[in-house]
1. Quick check of the Kirkwood formula: for region 60-111, what is the inverse mean of 1/r over all pairs of different Cα atoms, in Å?
2. Excluding residue 60 itself, calculate the net charge of residues whose Cβ lies under 13 Å from the Cβ of residue 60, where each Lys or Arg counts +1 and each Asp or Glu counts -1.
3. Compare the Cα positions of 7, 29, 78 along the charge dipole of the chain (+1 at Cβ of Lys, Arg; -1 at Cβ of Asp, Glu; about the Cα centre) and return the one farthest towards the positive end.
4. Which value, in debye to the nearest 20, gives the size of the charge dipole of the chain about its Cα centre, when Lys and Arg are +1 and Asp and Glu are -1 at the Cβ?
5. Just want the answer: with Cβ charges of +1 for Lys and Arg and -1 for Asp and Glu, which residue in 50, 110, 94 is farthest toward the dipole's positive end in the chain?
6. Can you pull a Stokes-Einstein diffusion coefficient for the chain at 10 °C (1.306 mPa s), Rh from Kirkwood over Cα pairs, as a whole number of µm²/s?
7. Each residue of region 26-43 in order: what ³J(HN,Hα) in whole Hz does its phi give by Karplus 6.51 cos²θ - 1.76 cosθ + 1.60, θ = phi - 60°, with x for Gly and Pro?
8. If you roll a 1.4 angstrom probe over the protein chains with everything in place, what fraction of the accessible area of region 67-111 belongs to carbon and sulfur, to the nearest %?
Amino acid sequence: MRDRFTAGIVAYYADVDWALDISEAAFTGADFYYVPGHLVRRDEETQFLLHRERVEQFGSLERLPPVARFAARRFESTPFDRTVAVAPKRSKHFATYLADLEVLRAEGLAD
């Protein structure tokens, strides 16, 4: 069943120009790992585009801070090669999320 669901989702997005525009959204929490990241219009300051290939080449994710490690591990659950990780602006932990996710950019794992 999971394989059919995954195949259906991949097939659906194959001919889509863009999936979501979250560029002006202010979340308390958000997860977009079942949407191809390259099809998401985002706020590049707080919404990070992660790349599977870069994450796989990085090595041990254990050296990443917790939020960054969690975001990078999303590739274990998504069929897509790019995914979006969000530092939710309305979360009381926004500064922590943002700082942790900035490490992904600094390490070259995210744009």
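The values are calculated or read from the model by the stated rules, or taken from the named source; none is laboratory data. Since this is a predicted model, take the numbers as computed values, not measurements. Cβ atoms come from the backbone with ideal geometry, glycine included; neighbour counts cover every protein chain shown. Calculation scope for accessible area: heavy atoms of the full protein, side chains included, ligands and nucleic acids excluded. Shrake-Rupley method; radii C 1.70, N 1.55, O 1.52, S 1.80 Å.
1. 11.4 Å is the Kirkwood radius here.
2. Residues near residue 60 contribute 0 overall.
3. About the Cα centre, the residue reaching furthest to the positive side is 29.
4. 380 debye
5. Result: 94, furthest along the dipole toward the positive end.
6. The Stokes-Einstein estimate is 111 µm²/s.
7. Once θ is set to phi - 60°, the couplings for region 26-43 become 10, 8, 8, x, 7, 9, 10, 7, 9, 10, x, x, 5, 9, 9, 7, 9, 7 Hz.
8. 48 percent
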